[in-house]
There are 2 protein chains.
Amino acid sequence: MTVRVAVDALGGDRAPDEIVAGAAAAASEGIEPVLYGPAGLDTLGLRLVPTEGAIEMDDHAVEAVRAKPESSLVRAARAVGDGEADALVSAGNTGAMLAASLLHVRRLPGVHRPGIAVVIPTTRGPSVLIDAGANADARPEHLLQFAHMGAIFAEEILGIGDPEIRLLSIGEEDEKGNGLTLEANELLRASSLRFAGNTEGRTLLAGGADVVVADGFTGNVALKTLEGTITTLLGILRDELASSARGKAGGLLIRPAAGRIRAHLDPETYGGGYLLGLNGLVVIAHGSSTRVAIANAIRMAARGVEHGVVERLRERLSAGVLASARSTTQTPEK
Amino acid sequence: MTVRVAVDALGGDRAPDEIVAGAAAAASEGIEPVLYGPAGLDTLGLRLVPTEGAIEMDDHAVEAVRAKPESSLVRAARAVGDGEADALVSAGNTGAMLAASLLHVRRLPGVHRPGIAVVIPTTRGPSVLIDAGANADARPEHLLQFAHMGAIFAEEILGIGDPEIRLLSIGEEDEKGNGLTLEANELLRASSLRFAGNTEGRTLLAGGADVVVADGFTGNVALKTLEGTITTLLGILRDELASSARGKAGGLLIRPAAGRIRAHLDPETYGGGYLLGLNGLVVIAHGSSTRVAIANAIRMAARGVEHGVVERLRERLSAGVLASARSTTQTPEK
C-alpha cells in the first residue's frame, strides 16, 4: 500500500523550498507526497496539483478559507475530504488548517472540537499532550473530549494499555486551577477514564502522565516553553563549553551523548501534531519547519494512516465514550 | 539598617526544619529573620513569635485565613501590616498568602490585583515574568496593571531603562491568542508602555522581553514548565554521560560549566517571587523550598526592602499610570 500525502507547498515560514525538499526526502516505496502549489513550482520530480493563491500566517483563518477556495491549503484539505489523498500535511496557519479541515475533511460523529495531539518524548517514554493549540478558548466538556481522544490515541497508536490521564494545571490538588480546569477536573473525575488528577508543567518532560490534557492556549504555551527551553539550554551549554580549553575537551567527549539527546528531543524529529477528531488524517507541522521536520511530518502522517488512527477513533467514539459530553456549536478559532 | 523579615516557619513541604535552617543561614548584620511558629520550636537561636496553628496546602485559602487568625502565616502577614516587620516570606499555600496579604498588608492605592513577579535569568540578562501565579483567572485590565507593575519593577530594581513589554501568547501576531490575551493586547497597544507585541513560551529562557505579562494560570504553567524542563534535561545529560566511559571522562571535564549553568538557572538560586501591588514587601517561595531556597528568598525580601520596591511602586502608581484601568472588585483566588 502506498499512502498518498497531500502536502501544502505554500504553508510555513520556509515555503516552498524547504517543503518541497522535505516532501522529496519523505518519498519512498510506501509514501507518495503530492504537492499542492502554484503551477510551475519545481517539485523535484514529485506530482503537483496546481492551485491558486496562498493563506498567509496573519490572515483571518475562517475568512481566508472561504475567500481562497483554490489556495494550496484548502485544495489539499479538499483532496483528503474527496478521497484523492489519504492525509494532509501543512506547516501553515494553524487556524486556517483547522477551518479548512472542518470544512472539507469534516468532524467524526460526536466530536465537538478537534484537538492537536503532540507526542512528547519523555524520560519515561512517549506521552501525549492534547490540545497543543487548535482551540485557544475551550470549555470544560471540550477538555473531557480531548482526554478521550488522547486516551484512544495513546492506546491504539502508542500501545499504552489503560493510559493514565492528567489535567495540566497549577497544582496537583483538585482545588488548584482556574475556572476552566476546576470544572474540567470534575468532569474527568466523573468519567470512565483513568484520571489521576492534575499535573504541573514541571512534569511534562519527565513524563507526568500518558496523556496530558489542556486547552489549546495553555497546551501551546507549555509546548513552546518546553521546546524553547531545550533549545536555549543546549545552546548555553555549547557556549559555556566553548569558553574554556577544559570545556572544549569535555565538549568533544560528550558530543555523542549530546547528539543523542538532541535527536531525541528535537521538535524537528517528531515533526508535528495530529489534528484528532476529524474524518481524515491531518498533521500540523511547525511554522518554522525545515525540510527535516517536513519529511518527518509526512512520515508521521503515513504512519497514522497505516495504523488506522482515524478508523480507531471512529470505532471507539461510536461506541459511546463521548455520550456524556453535551452538544455544542463548533466555531473554529482564528 | 537591619531588615526584619517575618518568616512563616510552617509554610512549605519541608517546614519547619528547612525553613528554620534557611532563616538561620540568611541571618546577617543587615538581615534579622524572625520566625513565626509554634512555641517550643527550635529556632537555632533566632527570635520566635509564637503562633497557633498552620494553614495547609489544601486548605481553602480565604476561609483558612479567616478561620486561623493566629496561624503562623496570618500572624507573619499582620506583623508586616503593623510595621513590626519589614517583609514577609512564606513557602506556604499561595492562595492563603495572597488572602492574608490582602487582609493585613493591604493593596497599594489603585491596584486591583497583586501579581507575582519572578525574575528569570535569561541568556540576555534578567527578565520579569508577571503574574506567575497569584490570579488563576484574570481580566484584560488586570494584565495591563501587571504590565505597569512589571515595568516599574524592571526599571527600579533591575535597572532596565524603558523596559520592553510583551504579552505571553500563542503567536507573535496581534491576532493570535485567546479571548483574554486578544483584549489585553489591545489595552497594552493603547497604553503608555513600550509594548512590543506578543511573545511565545519559546523565548522565555532566551530573553524575549524585559517584562513578560500573563494571567496567573498561564504564567505559572509556563514558569513550572521552564523549571521542570531545565531540571529534567540536566538529569538526562548526567545519565547519558554516566552510561559510557567516554561520557564519564567528558562529564568530569564539563563539570565546572554545568555547575555554572545549574547555579545560574536553578530556581533555588532565585528563591521566589515578589508579590507586587501590596503596601508591604512580600516574597513567595516555592512550596518545595529547601534551606538554600529559603535563605535566598529571605535575602530577596531584604534586597526588595533596601531598594524600596514598595515605595517606588507607590510613587509611580500614584503618578497616575494606572488611571486607565477600570475599577473592579477584588476577590482573591483560592
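The values are calculated or read from the model by the stated rules, or taken from the named source; none is laboratory data. These figures come from a predicted structure and were not determined experimentally. Note: ideal-geometry Cβ built from the backbone for every residue, glycine included; neighbour counts use all protein chains shown. The area values use the complete protein model at the heavy-atom level, side chains included, leaving out ligands, DNA and RNA. Shrake-Rupley method; radii C 1.70, N 1.55, O 1.52, S 1.80 Å.
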Practice prompt. All but one of (1) within 30 Å of A:ALA134 (Cβ to Cβ); (2) modelled with pLDDT under 95 hold for B:LEU237, so report the exception by its number.
Written response: (1)
Worksheet item: Taking A:THR225 and the conditions (1) hydroxyl-bearing (Ser, Thr, Tyr); (2) at the interface with another protein chain (Cβ under 7 Å from one of its Cβ atoms); (3) surrounded by fewer than 22 Cβ atoms within 10 Å (Cβ to Cβ), which numbered condition does it fall short on, given that it satisfies the others?
Response: (3)
Worksheet item: How many of the residues in the range A:164-178 are touching a helix residue (DSSP H, G or I) at 6+ places or on another chain (Cβ under 9 Å) and at the interface with chain B (Cβ under 7 Å from one of its Cβ atoms)?
Response: 5
Worksheet item: Within the group B:GLU141, B:GLU52, which residue is free of Cβ contacts under 8 Å to residues at least 24 places away in the same chain and of a type in the set (Asp, Glu)?
Response: B:GLU52
Worksheet item: Which residues, counting only those in the range A:159-204, are closer than 22 Å to A:GLU227 by Cβ and among the basic types (Lys, Arg)?
Response: A:ARG166, A:ARG202
Discussion item. So, in the range A:106-154, exactly how many residues are of a type in the set (D, E, K, R), open to solvent by 10 Å² or more (accessible area, probe 1.4 Å), closer than 20 Å to B:GLY179 by Cβ and in a loop (DSSP other than H, G, I, E, B)?
Written reply: 3
Practice prompt. For the range A:166-187, state whether one or more residues are in a loop (DSSP other than H, G, I, E, B), among the polar types (S, T, N, Q) and buried (at least 24 other Cβ atoms within 10 Å of the Cβ).
Written response: yes
Practice prompt. Would you mention how many residues in the range B:1-19 are of a type outside the set (Gly, Ala, Ser) and crowded, with 24+ Cβ neighbours inside 10 Å?
Written response: 5
Discussion item. I'd like to know if the range A:6-17 contains one or more residues that are part of a helix (DSSP H, G or I) and touching a Gly at 6+ places or on another chain (Cβ under 7 Å).
Written reply: no
Discussion item. Given the options B:GLY219, B:GLY201, B:GLY208, name the one that is open to solvent by less than 10 Å² (accessible area, probe 1.4 Å), more than 8 Å from every other protein chain (Cβ to nearest Cβ), touching a residue at least 24 places away in the same chain (Cβ under 8 Å) and among the small types (Gly, Ala, Ser).
Written reply: B:GLY219
Worksheet item: In the range A:37-73, what residues are more than 14 Å from chain B (Cβ to nearest Cβ), under 24 Å from the mean Cα position of the chain (by Cα) and part of a helix (DSSP H, G or I)?
Response: A:VAL65, A:ARG66, A:SER72, A:LEU73
Worksheet item: Out of all the residues in the range A:38-54, is one or more more than 19 Å from A:GLY280 (Cβ to Cβ), at pLDDT below 95 and open to solvent by less than 40 Å² (accessible area, probe 1.4 Å)?
Response: yes
Discussion item. Which of the numbered conditions does B:LEU35 fail, given that it passes all the others? Conditions: (1) out of contact with any Phe, Trp or Tyr (no Cβ under 6 Å at 6 or more places or on another chain); (2) within 17 Å of B:GLY272 (Cα to Cα); (3) open to solvent by less than 40 Å² (accessible area, probe 1.4 Å).
Written reply: (2)
Practice prompt. Name, by its number, the condition in (1) free of Cβ contacts under 8 Å to residues at least 40 places away in the same chain; (2) within 12 Å of another protein chain (Cβ to nearest Cβ) that does not hold for A:ASN185.
Written response: (2)
Worksheet item: Any residue at all in the range B:60-73 that is of a type outside the set (Val, Ile, Thr) and farther than 14 Å from B:ALA100 by Cβ?
Response: no
Discussion item. Looking at the range B:247-258, can you tell me whether even one residue there is of a type in the set (Lys, Arg) and within 14 Å of chain A (Cβ to nearest Cβ)?
Written reply: yes
